Amino acid sequence: MNAIITGITGQDGAYLAELLLDKGYQVYGTFRRVSSVNFWRIKELGIDKHPNLHLVEYDLTDLSTSIRLLQNTKATEVYNLAAQSFVGVSFDQPATTAEITGIGPLNLLEAIRIVNPKIRFYQASTSEMFGKVQAIPQVESTPFYPRSPYGAAKLYAHWMTINYRESYGIFGCSGILFNHESPLRGLEFVTRKITDSMAKIKLGKLDVLELGNMDAKRDWGYAKEYVEGMWRMLQAKKPDTYVLATNRTEAVRDFVGMAGKAAGFDLVFEGKGENEIGIERKTGKVLVKVNPKFYRPAEVDLLIGNPEKAKQELDWTPRTKLEELCCMMVEADIRRNEGSASF
Ligand code: NDP
Ligand code: GDR
């Protein structure tokens, strides 16, 4: 079994590589040619020197490289996790986001059609495609209404995956994954920014955490469980589209409170919108402030997904409670901030 994982340097790529190596796969993990490639995640999981892990240079935007990647690896499964995945940046770089996150997957689908149409393909779709709330909770049949260049690019790739399935019989699966977090989450995303900042405040390395929209609600799960769902989709009898989510939603503010508690703070929130602050009850210190520079031009207000189809057809269920996940992340960030490591 040979699998390609595009985006091995990302959160999901690292966890998926660990899972597939455990299952005995030869894993071809792709990384980009940049001035300083950072393999900290696969190092942290202790798989960077695994004999069955092969690191391959690759850029999703290049069709001919996509073709050669499939030819050289003789892959039977391709997990496309690579993307410009930060929603905030997609407003500043809409065309780059469209090229990587939208057209990139098309290059892989074309390469599969040319090299070996039997290759099974996983596309990392997203709850961002639901965008402006059309139904609660969101399921596979909920209408899409993306609210960012990222969401729109992902929606294009989602439909192309279905299109290649229906037009050419390619085993293309689209996983509509809701937010999933872990100690390996990138620092630019809100949960990890919060857990890292709470760790820094606890250790006296930061005074105040500045955030944007505290009212946004998200359905946050544990990334390690979600990559198992990706694998299950490619082992199913037929290709399909599945929602992976926890069916619970919390506001950013609630996650701040949880992370504060895990770091030993008792936070109370006062004020509204730009004037909201988070105060530590015992010391009276302001530890959290809103800074409008983190607001987005358009926001996704509320995401909550029902993963019933994945439960019924793939026997997939999320197990880790958000409070446990949050503690795990805060503890990892305290450990890192106590040392000299920077991630
Ligand atoms: P990350 O941002 O952590 O990882 C993205 C990966 O894509 C990195 O390895 C990055 O490489 C790589 N990449 C970016 N541009 C290119 C390119 N042009 N060519 C090749 N590789 C590229 O994302 P996650 O691991 O969190 O997410 C994995 C996938 O799932 C993404 O597609 C994301 O959009 C999607 N998704 C994520 C969710 C989540 O909550 N985590 C929810 C739903 C969907 P580099 O290190 O060089 O930047
Ligand atoms: P999201 O995740 O946009 O849902 O995309 P992110 O963690 O960036 O934002 C979640 C919510 O928090 C609000 N927010 C802030 N966000 C960031 N990053 N920084 C802040 O300071 C801040 N303050 C408030 C945001 O406005 C937003 O409402 C993630 C990515 O992993 C995508 O790739 C993926 O597809 C979706 O999840 C599902």
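Readers should treat all values here as calculations from the given coordinates under stated rules, not as data from a laboratory. Nothing here was measured: the structure is a model prediction, and the numbers come from that model. Cβ placement follows ideal geometry from the backbone for every residue including glycine, while neighbour counts extend to all protein chains displayed.
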(message) Compute the helix-to-body angle for 104-115: its Cα long axis versus the longest principal axis of the chain, expressed 0 to 90° and rounded to tens.
(response) 20
(request) For an R0 of 25 angstrom, estimate the FRET efficiency from the Cβ-Cβ distance between Thr283 and Arg319 and round to the nearest 0.05. (result) 0.10
(message) Sequence gap at least 6, Cα distance under 8 Å: using those rules, report the relative contact order of the chain to the nearest whole percent.
(response) 17
(request) Compute the FRET efficiency between Val89 and Lys237 as 1/(1 + (r/R0)^6), taking r as their Cβ-Cβ distance and R0 = 41 Å, and round to the nearest 0.05. (result) 0.60
(request) Hey, could you grab the Kirkwood Rh for region 145-210? Inverse mean 1/r over distinct alpha carbon pairs, Å, one decimal. (result) 15.0
(request) Please give the calculated 222 nm ellipticity per residue for the chain, where each DSSP H segment of at least 4 residues contributes -39500 (n - 2.57) and the sum is spread over every residue; nearest 500 deg cm²/dmol? (result) -11500 deg cm²/dmol
(request) Starting from the alpha-carbon convex hull of region 243-334, give the projected area averaged over all orientations, in nm². (result) 7.7
(message) Assuming 0.36 nm per residue, please report the length gained on full extension of the stretch Glu299 to Val268 beyond their Cα-Cα distance.
(response) 8.7 nm
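Take the alpha carbon atoms of region 225-289, find their radius of gyration, then divide it by 2.2 N^0.38 Å using N residues; give the quotient.
1.79
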(message) Let me test this: with uniform point scatterers at the alpha carbons of region 96-160, what is the Debye-based log₁₀ I(q)/I(0) at q = 0.25 1/Å?
(response) -1.00
(request) Using only the Cα atoms of the chain, each taken as one equal point scatterer with no solvent, compute I(q) by the Debye sum, divide by I(0), and report log10 of the ratio at q = 0.09, 0.10, 0.14 Å⁻¹. (result) -0.48, -0.59, -1.15
(request) Compute the distance in nm between two label points, each set 7 Å from the Cα along the Cα-to-Cβ direction, one at Val139 and one at Val208. (result) 4.6
(request) From zero up to wherever the largest Cα-Cα distance of region 1-91 sits, split into 5 Å bins and tell me the percent of pairs in each. (result) 3, 14, 27, 25, 18, 9, 3, 1, 0
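Direction-averaged shadow area of the convex hull around the Cα atoms of region 34-149, nm²? Could the numbers behind the result be given before it?
On the way: hull surface 38.2 nm².
Average projection, Cα convex hull of region 34-149: 9.6 nm².
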(request) Could you list the residues of region 245-282 with an amide nitrogen less than 11 Å from a label point located 7 Å from the Cα of Glu331 in the Cα-to-C-beta direction? (result) none
(request) Please work out the Cα convex hull volume for region 159-274 and give it in Å³ per residue. (result) 129
